[in-house]
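Shown next, in structure tokens, is the structure this report addresses.
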Amino acid sequence: LVRYQSSLETIKVCEELGIQVLAYFPLGNGLLAGKYDLNDKSTLPTFPKSITMKKYLKGSQTLLQEVQTIATANNVSCAQVSLNWIMKKGVIPIPGCRNGAHALDNFASLDFVLSEEEVERLDVASMNSMEFSSGGFELE
């Protein structure tokens, strides 16, 4: 959802060649998991990652709100919506997790399916969000 926009072309070529795509950083370092809140500094990562995360939070508010709206409507987490969207695109996500609860939450993304209308809403919000750069670690 928050990605290099050029990755769409890579996915297209891989589909044409029958190559399975793996999504690295599918939750955008926690951004798409609903983990961070600009209004609550205690949720933000420590320096230096906090600098870029604030930038992505500001540049992706519309997308993050749409993810949250869909998560609430489906009674699932933001991470589950984000991972499910990736799978709807035919891509295999490789989500990280810091503990067992995160792992269980990630696995639960297999327990529901986004509607085509929800996927479209996320597509539109994604195209209008800030593009991820350097896995989110580059200081600008």
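The values are calculated or read from the model by the stated rules, or taken from the named source; none is laboratory data. Note that the structure is a prediction, hence the values are computed from the model and not measured. So basically every Cβ, Gly included, is an ideal-geometry build from the backbone, and we count neighbours across all protein chains shown. Side chains included, ligands, DNA and RNA excluded: accessible areas come from the protein's heavy atoms. Shrake-Rupley method; radii C 1.70, N 1.55, O 1.52, S 1.80 Å.
Odds and ends about this structure:
- Qualifying residue in the range 94-105 (condition: under 26 Å from GLY18 (Cα atoms), among the aliphatic types (A, V, I, L, M) and open to solvent by 50 Å² or more (accessible area, probe 1.4 Å)): yes
- Exactly one residue out of SER60, SER82 is hydroxyl-bearing (Ser, Thr, Tyr), within 17 Å of SER115 (Cβ to Cβ) and open to solvent by less than 30 Å² (accessible area, probe 1.4 Å), and it is SER82.
- Qualifying residue in the range 14-32 (condition: farther than 26 Å from PHE107 by Cα, open to solvent by 60 Å² or more (accessible area, probe 1.4 Å) and without any contact (Cβ under 8 Å) to a residue 24 or more places away in the chain): yes
- Candidates ALA125, ALA103, ALA108: the one that is touching a residue at least 24 places away in the same chain (Cβ under 8 Å), more than 19 Å from ILE11 (Cβ to Cβ) and assigned to a helix (DSSP H, G or I) is ALA108.
- Qualifying residue in the range 75-88 (condition: more than 20 Å from ASP123 (Cα to Cα) and either touching a strand residue (DSSP E or B) at 6+ places or on another chain (Cβ under 7 Å) or free of Cβ contacts under 8 Å to residues at least 60 places away in the same chain (or both)): yes
- Residue within the range 64-76 that is within 16 Å of ASN29 (Cα to Cα), open to solvent by 30 Å² or more (accessible area, probe 1.4 Å) and among the small types (Gly, Ala, Ser) present: no
- Every residue from the range 90-116 that is over 15 Å from ALA71 (Cβ atoms) and among the acidic types (Asp, Glu): GLU116
- Restricting the range 8-52 to residues that are closer than 19 Å to ASN128 by Cβ and in contact with a Phe, Trp or Tyr (Cβ under 8 Å, 6 or more places away or on another chain), the residue that is modelled with the highest pLDDT: LEU31
- Some residue of the range 107-118 being open to solvent by less than 70 Å² (accessible area, probe 1.4 Å), of a type in the set (Phe, Trp, Tyr) and modelled with pLDDT of 85 or more: yes
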